[in-house]
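Just below is one structure, and these are the notes that go with it.
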Amino acid sequence: MSYLLALDQGTSSSRSIVFDRAGRIVAQAQRELPQIYPQPGWVEHDARRIWNDQRATMQDALRQAGLAAQDIAGIGITNQRETTVLWHRATGEPLHHAIVWQDRRTAPLCQQLLAQGHAERIAQKTGLVIDAYFSATKLRWLLDHIPGARALAARGELAFGTVDSWLIWNLTAGRCHATDVSNASRTMLFNVHTNQWDEELLALFDIPRSLLPEVLPSSGDFGQCDAALLGGPIAIGGVAGDQQAALFGQGCFSAGMAKNTYGTGCFMLMHTGERFQPSGNGLITTAAAQPGTRPQYALEGSVFVGGAVVQWLRDGLHAIKASSEVQQLAESVPDAGGVMFVPAFTGLGAPYWSPDARGTITGLTRGSTLAHIARAALESIAYQSAALLAAMGRDAAAAGSAPVHELRVDGGACVNDLLMQFQADLLGIPVLRPACVETTAWGAACLAGLATGIYQGTDEISAQWRVERRFEPTLPRTQAQDLMARWEHAVAQAVLKSAIS
């Protein structure tokens, strides 16, 4: 029993990866997850499809690996966070499509809460800003808009969960309704100081306590996978939201270590140890993956549209036929030719928090080509991430902490050398790409490995982290600062445009 199975349920796909004890990938399977857009600003997923695809990929991965259930020491789960599912306890059927983290339908409710003066109290308890990004207002919307939902909830007949809870419920055939602290901390209902659901916040959002899952450490006993699924029971030992799992998988276990994940969105986290450090620069304070009962925290900045801008080039603009073509197209020009692309398709996240901002392309001339737009699209990912690290640097300085001296990277877009070099140039610090870029799944596997005794501590996990390539900054700092100033000007135009419209 020296293998670990990681379930990585993301925004755009459901995957399963089998790792050996040394962190090598033995087998993996993946299925793309369709996005549902009922109207502008709304994003949904079919929760039943999520489960069916996740079940199929874990069965496929074990089959490819030639392994049986008894060969797997434990299952780790990592998931898209904040995405909200509401289902019947008796039947396990969802009442509605899952409302995805990107969804902006509850922005008016968030504005109302801000106007009522709740921002400071919520930030004190949760570390979060009031935004439609988080789960509480999504759950409130479901209860308010699904006929009969509130009556069912009042009778204790419904269950709420983020995607991890939904998977655990199905994996255990309804025997376990649980989540971990990292996912709970993203709901805006969880007190990160006490590690408990907060009664004051539940009352504010009008959420019945009976809906909520049990909250456990990220490494622990989440029940057993039903024997019928994989041919035998397997302990579910690790659960963490995707970004906290990636921080863990990158070996960022101590204060001051940071990682950035380049996925559908971009997510930068800096570990702050056991200290809850509020941000004065538009970031949020969140629970890090927690192997034990002692709280662990991180500062986080979230970019809503990262790799998704490449999907838009492919599916919206039809500029490329496959996402893999974007680097070649971008490299066909020496730079973006003055073009700036702010991909605020669903507003802007940290550090701007402008929900009404909309995407803009500025700096166009008669000499601008599709290649310039493609390069500007790629560079937008690095610009947004650089703005996050600058905000983290200001918070670190305010707390008397040392600034981040290197950035560890992962996620699908980190394989793009052009993007990673530009990122290092903007930041002025080395960008380190690990040998295994599947750090999100690996983090979940490691948490399961700790729970099941495969690993005795985090030192064993740290020793396995390896650098595949180190990108050193080559751009003069004055030039990088000029580029960032132009970026901030483009952002101001995107926000101004939304205010006018």
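Could you please find all residues in region 306-318 being within 22 Å of ALA386 (Cα to Cα) and open to solvent by 10 Å² or more (accessible area, probe 1.4 Å)?
GLY307, ALA308, VAL310, GLN311, TRP312
Given the residues THR293, THR369, THR346, which is the only one that is crowded, with 24+ Cβ neighbours inside 10 Å and either among the hydroxyl-bearing types (Ser, Thr, Tyr) or free of Cβ contacts under 8 Å to residues at least 24 places away in the same chain (or both)?
THR346
Which ones in region 244-286 are touching a residue at least 40 places away in the same chain (Cβ under 8 Å), hydrophobic (A, V, I, L, M, F, W, C) and within 16 Å of TYR133 (Cβ to Cβ)?
Correct list: CYS266, MET268, LEU283, ILE284.
Answer yes or no: is there a residue in region 276-286 that is surrounded by 24 or more Cβ atoms within 10 Å (Cβ to Cβ) and farther than 24 Å from ALA119 by Cβ.
no
Report whether or not PHE253 is open to solvent by 10 Å² or more (accessible area, probe 1.4 Å) and under 27 Å from LEU389 (Cβ atoms).
For PHE253, the condition - open to solvent by 10 Å² or more (accessible area, probe 1.4 Å) and under 27 Å from LEU389 (Cβ atoms) - is met.
I'm checking my understanding of the structure. Among residues of region 93-108 that are touching a Lys or Arg at 6+ places or on another chain (Cβ under 9 Å) and open to solvent by 30 Å² or more (accessible area, probe 1.4 Å), which one is nearest to HIS145 (Cα to Cα)?
PRO94
Restricting attention to region 323-348, which residues are under 21 Å from ALA480 (Cα atoms) and aromatic (Phe, Trp, Tyr)?
PHE341
Just to be sure I understand the filter: pairs with C-beta atoms under 7 Å, separated by 6 or more residues or on different chains, first member in region 417-441 and in a loop (DSSP other than H, G, I, E, B), second member of a type in the set (D, E, K, R). Which pairs pass?
Within 7 Å, the pairs are GLY428/ARG477; ILE429/GLU406; PRO430/GLU406; PRO430/ARG470; PRO430/GLU472; ALA435/ARG466; ALA435/GLU468; VAL437/ASP410.
With the checklist (1) over 21 Å from THR440 (Cβ atoms); (2) part of a helix (DSSP H, G or I) in hand, flag the one item ARG105 doesn't pass.
Going through the list (1) over 21 Å from THR440 (Cβ atoms); (2) part of a helix (DSSP H, G or I), ARG105 breaks only (2).
Before we move on, is LEU447 within 30 Å of ALA73 (Cβ to Cβ), within 25 Å of the chain's Cα centre (by Cα) and either modelled with pLDDT of 95 or more or surrounded by fewer than 22 Cβ atoms within 10 Å (Cβ to Cβ) (or both)?
yes
Residue-wise test of (1) within 26 Å of ILE361 (Cβ to Cβ); (2) among the charged types (D, E, K, R).
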| site | (1), (2) |
| --- | --- |
| ILE373 | yes, no |
| SER380 | yes, no |
| ALA391 | yes, no |
| GLY400 | no, no |
| VAL404 | no, no |
| GLN421 | yes, no |
| ASP425 | yes, yes |
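Cβ-Cβ distance below 8 Å, separation of 6 or more or different chains: which pairs start in region 311-334 with a residue that is among the hydroxyl-bearing types (Ser, Thr, Tyr) and end on one that is outside any helix (DSSP H, G or I)?
SER323/GLY307
Take TRP166 and decide whether it is open to solvent by less than 10 Å² (accessible area, probe 1.4 Å), among the aromatic types (Phe, Trp, Tyr) and in contact (Cβ under 8 Å) with a residue 12 or more places away in the chain.
Taking the combined requirement at face value, the residue satisfies it.
Of the residues that make up region 128-135, is at least one open to solvent by 10 Å² or more (accessible area, probe 1.4 Å), within 25 Å of PHE267 (Cβ to Cβ), touching a Leu at 6+ places or on another chain (Cβ under 6 Å) and not hydroxyl-bearing (Ser, Thr, Tyr)?
Yes, that holds for at least one residue.
From the list ARG150, ARG155, ARG175, exactly one residue is in contact with an Asp or Glu (Cβ under 9 Å, 6 or more places away or on another chain), free of Cβ contacts under 8 Å to residues at least 24 places away in the same chain and not small (Gly, Ala, Ser). Which is it?
When all the criteria are applied, what remains is ARG150.
Checking the condition crowded, with 16+ Cβ neighbours inside 10 Å and in contact with a helix residue (DSSP H, G or I) (Cβ under 8 Å, 6 or more places away or on another chain), which residue from GLY428, GLY393, GLY359 passes?
GLY359
Just name the residue that is most open to solvent (accessible area, probe 1.4 Å) out of those in region 136-163 that are in contact with a His (Cβ under 7 Å, 6 or more places away or on another chain) and more than 22 Å from ASN183 (Cβ to Cβ).
The extreme case among them is GLU157.
Of the residues ASP198, ASP221, ASP226, which is under 25 Å from HIS45 (Cβ atoms) and charged (D, E, K, R)?
ASP226
Answer yes or no: is there a residue in region 56-74 that is open to solvent by less than 10 Å² (accessible area, probe 1.4 Å), out of contact with any Ser or Thr (no Cβ under 8 Å at 6 or more places or on another chain) and not in a helix (DSSP H, G or I).
Yes; the residues of region 56-74 include at least one that is open to solvent by less than 10 Å² (accessible area, probe 1.4 Å), out of contact with any Ser or Thr (no Cβ under 8 Å at 6 or more places or on another chain) and not in a helix (DSSP H, G or I).
Only one of these conditions is not met by VAL437: (1) farther than 23 Å from ARG314 by Cβ; (2) at pLDDT below 90; (3) of a type in the set (A, V, I, L, M). Which number is it?
Unmet condition: (1).
The values are calculated or read from the model by the stated rules, or taken from the named source; none is laboratory data. Please read all numbers here as calculations on a predicted model, not as lab measurements. Positions of Cβ are generated from backbone atoms using ideal geometry, with glycine treated the same way; all protein chains shown enter the neighbour counts. In case anyone asks, the SASA skips ligands and DNA or RNA and just uses the protein heavy atoms, side chains included. Shrake-Rupley method; radii C 1.70, N 1.55, O 1.52, S 1.80 Å.
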